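**Q** Quick one: the structure is below, and I'll ask about it shortly.
The values are calculated or read from the model by the stated rules, or taken from the named source; none is laboratory data. Just so it is clear, the structure is predicted and the values come from calculations on it, not from any experiment. Note: ideal-geometry Cβ built from the backbone for every residue, glycine included; neighbour counts use all protein chains shown.
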Amino acid sequence: MNIEKITRDDESMVLVNVLEELVREKVDSAIKSLDMCSCEKCRLNACAIALNALPAKYVTTTKGALMALLAASNLEYQTSVQVEVIKALNVVKENPMH
Ligand SMILES: [Zn+2]
């Protein structure tokens, strides 16, 4: 989903795995600082590896409240997300699946 296009007063409901959003964001920023391939395939593979190592954390919320919720969740989960994302990126870096 493209969360950048959502306005704050959007009342429609969404079901989101909070950790998935945090992992995608972290993979996108971390992959650029590493000396490795940053194609779509490698990014998504790293997301999958990291997400399989983390618990799922599903929430229902309104689209308008999602950004604030993700920001709050980021504080709670950033350490474990960071650790698993870096591990996953190293796995993909050593064994690119293409
Ligand atoms: Zn690649």
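**Q** Quick check, is ALA71 assigned to a helix (DSSP H, G or I), hydrophobic (A, V, I, L, M, F, W, C) and exposed (fewer than 14 other Cβ atoms within 10 Å of the Cβ)? Even if it seems obvious, please write down each step before you answer.
**A** Numbers: assigned to a helix (DSSP H, G or I): yes; hydrophobic (A, V, I, L, M, F, W, C): yes; exposed (fewer than 14 other Cβ atoms within 10 Å of the Cβ): yes.
So ALA71 fits the description; yes.
**Q** Give all pairs with beta carbons closer than 6 Å in which a residue from segment 41-52 that is closer than 16 Å to LEU19 by Cβ and touching a residue at least 24 places away in the same chain (Cβ under 8 Å) meets a residue that is part of a helix (DSSP H, G or I) and within 14 Å of the ligand (Cβ to nearest atom); count only pairs at least 6 apart in sequence or on separate chains.
**A** The qualifying pairs are ALA46/VAL27; ALA46/ALA88; ALA46/LEU89; ALA46/VAL92; CYS47/VAL27; ILE49/ALA88; ILE49/VAL91; ALA50/ALA88.
**Q** Let me ask something additional. Please find, within segment 82-98, the residue that is nearest to the ligand (Cβ to nearest atom) out of those that are over 12 Å from the mean Cα position of the chain (by Cα) and of a type in the set (D, E, K, R).
**A** Within segment 82-98, the match that is nearest to the ligand (Cβ to nearest atom) is LYS93.
**Q** How many residues does segment 19-60 contain that are of a type in the set (A, V, I, L, M, F, W, C) and not in a helix (DSSP H, G or I)?
**A** Number satisfying all stated conditions: 7.
**Q** ARG24 versus (1) out of contact with any Leu (no Cβ under 7 Å at 6 or more places or on another chain); (2) at pLDDT below 95: which is the lone unmet condition?
**A** (2)
Condition check ((1) within 20 Å of GLU11 (Cα to Cα); (2) modelled with pLDDT of 95 or more) across all residues:
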site: LYS41; (1), (2): no, yes
site: ILE49; (1), (2): no, yes
site: TYR58; (1), (2): yes, yes
site: GLY64; (1), (2): yes, no
site: LEU75; (1), (2): no, no
